[in-house]
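**Q** This is the structure I want to talk about, given as C-alpha cells.
The values are calculated or read from the model by the stated rules, or taken from the named source; none is laboratory data. Being a predicted model, the structure only gives us computed values, none of them experimental. Note that we place each Cβ from the backbone using ideal geometry, even for glycine, and neighbour counts take in every protein chain shown. Heavy atoms of the whole protein, side chains included, go into the accessibility calculation; ligands, DNA and RNA do not. Shrake-Rupley method; radii C 1.70, N 1.55, O 1.52, S 1.80 Å.
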Amino acid sequence: MKLRKITALFSALVIAVGLTACAGTTTETTTAEGTTQATTATEATAAETTKGSGLITVGFAQVGHESDWRTASTNSVKAALSKDNGFDLQFVDCDNDSAAQLEAVRNFIEQDVDYIVIDPIVATGWDTVLTEAKDAGIPVIVLDRTIDDSDKYVAWIGSEFTNEGLAAGAWLQAYAELKGIKELNILVIEGTTGASAQIGRTDGFKKIADANGWNILDSQSGEFTQDGGQAVMESYCKSYEGKFNVVVCQNDNEAFGAEDAMDAAGVTYGVKGDVILISFDSTKAGLTELLAGNFNSDFQCNPLQGPSLADLLNKLVAGETVDTKQFMPETWYVNEPDLKSITYTNVIDKSVTEDLVVVTQDMIDNAQY
Ligand code: GYE
C-alpha cells in the first residue's frame, strides 16, 4: 500500500464539519426560483415530524464508496445528521448501482420517512420515482450530483461541475502559454458515465480544448476509482505510447491509479516530467501529490455538505423558505507560483477571473478531507 493510500484512509476517518477557509473561492447562492416547491414541501413535513420520536427521519441514498471524496461526503452527512442534532438518519450505500439506488428511494417512501436525500449516481431516470415521493408527500433534497430529467425536488446543494472543467481548461491554456508548449495531446480519464460530475467536467474542459484546437486523443471512463483510473491508463500507455503530453483525471483516485500505470510504463509526469497531470477533488491525498510535484493542478470539489444539508432540513421543518440551489465554495490549487489567476467564460456566459492557490504543507495539514 502506497503512502497516499494510507493518507487517504486516515483522512477518511477524520469526520469533518465546517468548510476549509480558502482563498479565491467561487461561491454563489441562488435564491428561491422554487418558492412554490419549497412551500409545498414544508406543508407536507410539518405534520410528519410530529409522528415519531421527535427526531426528523431522513433517508439518504448515497452513491457508494468509490473514492476518498465520497467517504468525506458520507462522513460529513452522518456527522451533521446525528441523533444529537435531532435527526434519525437511514443511510444506504448504493454501491454505484442505479437500480439499487431507485430501490433505496422506494424503500424510504415505503418507510414513510420525513425527508429523502439523494446523491444521484446518474443524472437521468428520476422522474417516476420522484413523482412517487411527491405523491407520498415526502420532500426530496438532491445533494452533490444533479438530476436532469425531473424538477420534483425541493432543493439541491453541490458544485458547478462544468465550471470545474472550464477552470481546468483555462489553467491548461495559461500554463501551456507560459511554458511555451505548442502542441497538446490529451488523454482524459472520465468519471462514471452519465453522472453529472462526469458530464460537466468533460463538457467544460472540451469547450476550452475545442476553442484552442487541442487534440483529445481519447476519453474513457475510470468509474471515479483508483483501480479504474489505473486500468484505463495502462491501456492508454500501450495505445498512445510517446504520443501524449497531458492526462486529465476527473478525480484524485483515478489520478493515483494513472500515476501507478505511468510509473509502470516508465512515463514521467508532474512538474519535472513529460506529462502534465490534472486532477479534480483536492483531497488531502491529492494535495499531497500536488505538493510533491506529481500533479500539476487540482481543482477542488467540496464534499463537506453535511452542515448545509442539516441547516436546510431544519429550515424546512420550521416552515421557512429555502434556497433551491446552493453552491459549495471551492479552490483551484497549483504548485508553481508563476500564474496567479485564470480568466474564462463560465456557464452563465460571464467572464470570471479566479485565483490560483499554491498548495502548502500547512493547507494539507489543515485540510478536512
Ligand atoms: O469528484 C468523485 C466522486 O460526485 C463530485 O464523485 C462527486 C464525484 C467526485 O466519486 O471523487
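**Q** Loop only per DSSP, at most 14 neighbouring Cβ atoms within 10 Å: give me the GluC sites (Glu not before Pro) in the range 186-252, ordered by residue number.
**A** The qualifying sites are GLU241.
**Q** Here's another thing I want to ask about it. What would the Debye equation give as log₁₀ I(q)/I(0) for the range 220-356 at q = 0.11, 0.17 Å⁻¹, counting only Cα atoms as equal point scatterers?
**A** Summing over Cα pairs of the range 220-356 leads to -0.51, -0.95.
**Q** Apply the Karplus parameterisation 6.51 cos²θ - 1.76 cosθ + 1.60, with θ equal to phi minus 60°, to every residue of the range 278-288 and state each ³J(HN,Hα) to the nearest whole Hz, in sequence, with x for glycine and proline.
**A** 10, 9, 10, 3, 6, 6, 4, 5, x, 5, 5
**Q** Determine how many Å³ per residue the convex hull of the Cα atoms of the range 107-171 encloses.
**A** Once divided by residue count, the hull of the range 107-171 is 81 Å³.
**Q** The range 226-312: which trypsin sites (Lys or Arg not before Pro) are DSSP loop and have at most 15 other beta-carbon atoms within 10 angstrom?
**A** Counting only loop positions with at most 15 other Cβ atoms within 10 Å, the trypsin sites (Lys or Arg not before Pro) in the range 226-312 are LYS243, LYS272.
**Q** Note down the nm distance, to one decimal, between modelled labels 7 Å out along Cα→Cβ at VAL358 and at LYS179.
**A** 1.7
**Q** Per the 1.4 Å probe, what fraction of the accessible area of the chain, in percent, lies on carbon and sulfur atoms?
**A** Within the chain, the accessible surface is 50 percent carbon and sulfur.
**Q** Ok, one more. Using 25 Å as the Cα-Cα cut-off, could you pick out the over-long pairs in LYS272/LYS350; LYS243/LYS340; LYS152/LYS315; LYS284/LYS340?
**A** Those over the limit are LYS272/LYS350; LYS243/LYS340.
**Q** Right, another one. Using a 7 Å offset from the Cα along the Cα-to-Cβ direction at both ASP112 and THR124, what is the distance between the two label points in nm, to one decimal?
**A** Here the answer is 3.6 nm between the modelled labels.
**Q** Going by the alpha-carbon gyration tensor, a ≥ b ≥ c the square roots of its eigenvalues, is the range 312-369 rounded (a/c under 1.5) or, if a/c is not under 1.5, prolate (a/b greater than b/c) versus oblate?
**A** oblate
**Q** Moving on. Extension gain GLU132-ASP311, at 0.36 nm per residue separation less the Cα-Cα distance, in nm?
**A** 61.9 nm
**Q** Right, something else. How high is the relative contact order of the range 177-244? Use alpha-carbon pairs under 8 Å, at least six apart in sequence, and give a whole percent.
**A** Contact order relative to length: 40 percent.
**Q** FRET efficiency for ALA292 and THR193, Cβ-Cβ distance as r, R0 = 30 Å, nearest 0.05?
**A** So, using R0 = 30 Å, E works out to roughly 0.45.
**Q** Report the per residue volume, in Å³, of the convex hull enclosing the C-alpha atoms of the chain.
**A** Dividing the Cα hull volume of the chain by its residue count gives 125 Å³.
**Q** Could you pull out every one of the aspartates and glutamates with an alpha carbon less than 18 Å from that of LYS182, ignoring same-chain neighbours closer than 8 positions?
**A** Qualifying aspartates and glutamates at Cα under 18 Å: ASP210, ASP274.
**Q** Let me ask something else about it. Using a probe radius of 1.4 Å on heavy atoms only, what accessible surface per residue do you get for the chain? Whole Å² is fine.
**A** On a per-residue basis, 40 Å².
**Q** Still on this structure, please answer the following. Return the distance in nm (one decimal) between the two label points of a simple spin-label model at ASP97 and ALA318, each offset 7 Å from Cα along Cα→Cβ.
**A** For the pair ASP97/ALA318, the computed spacing is 4.0 nm.
**Q** Can you list the trypsin sites (Lys or Arg not before Pro) in the range 51-134 that are in a DSSP coil and have 16 or fewer other beta carbons within 10 angstrom?
**A** Sparse-neighbourhood loop trypsin sites (Lys or Arg not before Pro): LYS51, LYS83.
**Q** Round to the nearest 0.05 the FRET efficiency obtained for TYR240 and SER53 when R0 = 41 Å and r is the Cβ-Cβ distance.
**A** E(calc), rounded to 0.05, equals 0.10.
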